[in-house]
């Protein structure tokens, strides 16, 4: 996994912690490749988790929504690394992954706005 230090969430985190997170992510991705996980499955799981998180937020179940959103984020974090390690990267899958990520984020934010403006 490539870490870009200009990303806002990593700007204030010490290098040792960032490298530890990257190492853990790569280890998980290698395990997923060994068991035959496909990046498309991780992308789909991330979308499902984010939609479930949106439903939970709309129902004002914030703790389960946060956990579910974290699982969706983990799937999103791992799908690109699994694609690189399994050598299944392509422009089509990258566009599909990015589109699925934006769609699931949009669903979550719409549910959050509907919840806040009720």
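The values are calculated or read from the model by the stated rules, or taken from the named source; none is laboratory data. Not measured: the values here are computed from a predicted model. Using ideal geometry, Cβ is built from the backbone for each residue, glycine included, and neighbour counts are taken over all protein chains shown.
Quick notes on this one:
- Scanning the stretch 97-113 for residues that are more than 12 Å from residue 51 (Cβ to Cβ) and in contact with a helix residue (DSSP H, G or I) (Cβ under 7 Å, 6 or more places away or on another chain) yields 97, 101, 112.
- Some residue of the stretch 70-87 being modelled with pLDDT under 90 and farther than 24 Å from residue 22 by Cβ: no
- Check on residue 11, surrounded by fewer than 11 Cβ atoms within 10 Å (Cβ to Cβ) and modelled with pLDDT of 80 or more: no
- The conditions of being out of contact with any strand residue (DSSP E or B) (no Cβ under 8 Å at 6 or more places or on another chain) and loosely packed, with under 14 Cβ neighbours inside 10 Å are not met by residue 86.
- Which listed residue is surrounded by 13 or more Cβ atoms within 10 Å (Cβ to Cβ), under 15 Å from the mean Cα position of the chain (by Cα) and at pLDDT 90 or above, from 94, 111, 100: 100
- Screening the stretch 58-69 for residues that are in a helix (DSSP H, G or I) and farther than 15 Å from residue 107 by Cα and picking the one that is modelled with the lowest pLDDT gives 62.
- Residues satisfying the stated conditions in the stretch 57-66, i.e. farther than 19 Å from residue 101 by Cβ and free of Cβ contacts under 8 Å to residues at least 24 places away in the same chain: 59, 61, 62, 63, 64
Conditions tested, residue by residue: (1) part of a helix (DSSP H, G or I); (2) in contact (Cβ under 8 Å) with a residue 12 or more places away in the chain; (3) under 23 Å from residue 28 (Cβ atoms).
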{"site": "75", "(1), (2), (3)": "yes, yes, yes"}
{"site": "93", "(1), (2), (3)": "yes, yes, yes"}
{"site": "102", "(1), (2), (3)": "yes, no, no"}
{"site": "118", "(1), (2), (3)": "no, no, no"}
